[in-house]
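Okay, so here's the structure we're looking at.
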Amino acid sequence: MNNMSKATPRRRRWRIGELAEATGVTVRTLHHYEHTGLLAASERTDGGHRMYDRESVQRVHQIRALRELGFSLVEIRKAMEGTTSLTDLLRKHLERIELQVARATLLRDRLRNMTIDSDIQVSVDELPATLNAMSRVETHNQTSRCTCKLAADREERWRRIRETCVIVWIEASILAASGQRLSQLQHAC
């Protein structure tokens, strides 16, 4: 029997370019992750080259997944360090997403209201005044939405009233752009 000791299998190591390719990010991104404390090379070669292990690959995938959800690198670092609960971050992020959805819905409604009535022609010159007037109506009439299902019809009625006011404000902004007074129309809503 041979007295030579068996070589212990070495764990797989990736150079930075290999890690970038394996994880779908750029070398520059990996350098940035290191600079911000999200990633650390598991070792360095004698020549000073960074080497990464399987845990590094997994960590980059985790960072990418959290970035896909829209988290900032600071939030990701706090979650990975355990200084902030991931559940708390998800709740806060959900609130931000809901606000973005509300803003996008508001923009969609504004655009729909501006284009639904073929009698109203908004020019590029009138657009800022129109959007501003619509914003004032929305700010003036902004109420928190009721989430119970029984109040859905009430919410729908209020939505129609707000849309009517928006149309009035669009007309008012067109009048304002032409130099006419708004005071009579402002009290209609």
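A few points about this structure:
- Dipole of the range 34-134 computed with +1 at Lys/Arg Cβ and -1 at Asp/Glu Cβ about the Cα centre; of Gly82, Leu106, Thr36, farthest Cα towards the positive end is Gly82.
- Placing unit charges on the Cβ atoms only, positive for Lys and Arg and negative for Asp and Glu, gives the range 18-97 a dipole magnitude near 300 debye about its Cα centre.
- Label separation (Glu98 vs Glu55): 3.8 nm, computed from points 7 Å beyond Cα along the C-beta direction.
- Remark: the range 43-118 carries 70 Å² of accessible area per residue (probe radius 1.4 Å; ligands, DNA and RNA excluded).
The values are calculated or read from the model by the stated rules, or taken from the named source; none is laboratory data. Source: prediction; values computed, not measured. Cβ: placed from backbone, ideal geometry, glycine included. Neighbour counts: every protein chain shown. Each accessible area value is taken on the protein alone, full model and side chains, heavy atoms only, with ligands, DNA and RNA left out. Shrake-Rupley method; radii C 1.70, N 1.55, O 1.52, S 1.80 Å.
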